[in-house]
Amino acid sequence: MDTGTHVVMGLALGGLATLDPVVAQDSVQFHSVLIATIIGSQAPDIDTFLKFRNNAVYIRNHRGITHSVPAVILWPIMITAVLSLFFPGTNTLHLWLWSFLAVFLHVFVDIFNAYGTQALRPFSNKWVALGIINTFDPIIFVIHVIGIVAWAFGAQPGYTFLIMYIIIIVYYIARWISQLAVKRAVRKKIPNVQKMFITPTLRYNYWKIVVITEDTYYVAKAHASNIMIMDTFKRIPIIQNDIMTAAQQDGNLAAFLSFSPVYCWKIREHNNGYEVRFTDLRYRSTDGHYSFVAVVELSPELDINGSFTGWIYNNDKLKKKVNIVPR
């Protein structure tokens, strides 16, 4: 989920913790747990700072090791150890339990969006992405805000957030059922589906879809079970020639390929050499633009002149990015 949602989740978990008698009976314990749930709800996303280095490093590592099984174990231990220094006398077991719940829920809810996480590391580097909830879901965010406002106006936080989370669980189930209906509709409309990627949008019951068949990629959208095919691309394996071999030595392209499961590619020759471009088919905007790309510019001698990977929304900006991000 996005940072804002993780913040309100941390606050809500702190309120929910008042159902724990050890937390409820002592203000020091409560404040330590509240701080722990807020920090725990943010800790796995510390890798967001990798964006300041470059997109390739960010794409390769975001929601990777910081969301892994060892990290889910280590984050609560570190949070508990640090907060115990500032809150002497606090019950470390209960502080750890609520820290763990905050970290675990952060990673768990991230699995439900289309970006996903490598939550199974070190057992598997596979990206786990269920594509049920948008990275920012306004309904989930607003429900949290309503609960926090009710708490601020005197509502008992424990039961308020318990009811809130029951409602959110029902909402997740409803979204899952809706996604299943979309999958059935896709298989009915497009024969011989090998795989499909479904991305939820900000609008309830609106979905973005990419379908893989034996020889074609279908880019579609859905409203409920109404499937509309927007684009089709012939499925062509990556050609193995000197140009592509040279381009694949680039770190930006390698990062793109490690992240993107469905893409098309092309090689363009121009006066200054060659351009190799890969386009992720999951990120089609309403105007038909595909925003997530990797581009490598090669000289006639196949030296890498520049490259870029990331989200870009017009070709002029892309040209500048390629020029200022040399290999």
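The values are calculated or read from the model by the stated rules, or taken from the named source; none is laboratory data. Please read these numbers as outputs of a predicted model, since none were measured by experiment. Cβ sites come from the backbone with ideal geometry, for glycine too, and all protein chains shown count toward neighbours. Protein only, heavy atoms only, side chains kept; ligands, DNA and RNA dropped before computing areas. Shrake-Rupley method; radii C 1.70, N 1.55, O 1.52, S 1.80 Å.
Residues that are within 22 Å of Lys189 (Cβ to Cβ), hydrophobic (A, V, I, L, M, F, W, C) and open to solvent by less than 30 Å² (accessible area, probe 1.4 Å) do not occur anywhere in the stretch 232-248.
The listed residues are Tyr217, Tyr159, and the only one of them that is part of a helix (DSSP H, G or I), of a type in the set (Phe, Trp, Tyr) and in contact (Cβ under 8 Å) with a residue 60 or more places away in the chain turns out to be Tyr159. Against the list (1) in a loop (DSSP other than H, G, I, E, B); (2) surrounded by 13 or more Cβ atoms within 10 Å (Cβ to Cβ), the condition Leu202 fails is (2). Of the helices (runs of 4 or more DSSP H) entirely within the stretch 1-80, those holding at least 1 residues that are open to solvent by 30 Å² or more (accessible area, probe 1.4 Å) and farther than 21 Å from Phe292 by Cα occupy 3-16, 21-24, 27-42. For the stretch 223-241, indicate whether the set of residues that are touching an Asp or Glu at 6+ places or on another chain (Cβ under 8 Å) and within 19 Å of Ala114 (Cα to Cα) is non-empty. Within the stretch 223-241 (the criterion being touching an Asp or Glu at 6+ places or on another chain (Cβ under 8 Å) and within 19 Å of Ala114 (Cα to Cα)), the answer is no, since none of the residues qualifies. Modelled with pLDDT under 95, more than 21 Å from Tyr217 (Cα to Cα) and among the small types (Gly, Ala, Ser): is that true of Gly273 in this structure? When the stated conditions are applied, Gly273 passes them. Could you list, in sequence order, all residues of the stretch 112-136 that are open to solvent by less than 30 Å² (accessible area, probe 1.4 Å) and β-branched (Val, Ile, Thr)? Within the stretch 112-136, Thr117, Ile132, Ile133 qualify.
Suppose the filter is touching a residue at least 12 places away in the same chain (Cβ under 8 Å) and loosely packed, with under 12 Cβ neighbours inside 10 Å; does Asp287 pass it? It is false that Asp287 is touching a residue at least 12 places away in the same chain (Cβ under 8 Å) and loosely packed, with under 12 Cβ neighbours inside 10 Å. Residues of the stretch 137-156 being in a loop (DSSP other than H, G, I, E, B), open to solvent by less than 60 Å² (accessible area, probe 1.4 Å) and without any contact (Cβ under 8 Å) to a residue 40 or more places away in the chain, which ones? Within the stretch 137-156, just Ala155 meets the criteria. Could you tell me which residue of the stretch 81-111 is surrounded by the fewest Cβ atoms within 10 Å (Cβ to Cβ), considering only residues that are in contact (Cβ under 8 Å) with a residue 12 or more places away in the chain and in a loop (DSSP other than H, G, I, E, B)? For the stretch 81-111, the residue satisfying everything is Gly89.
Considering only residues of the stretch 282-327 that are modelled with pLDDT of 90 or more and among the aromatic types (Phe, Trp, Tyr), which is nearest to Trp207 (Cα to Cα)? So the residue we want is Tyr283.
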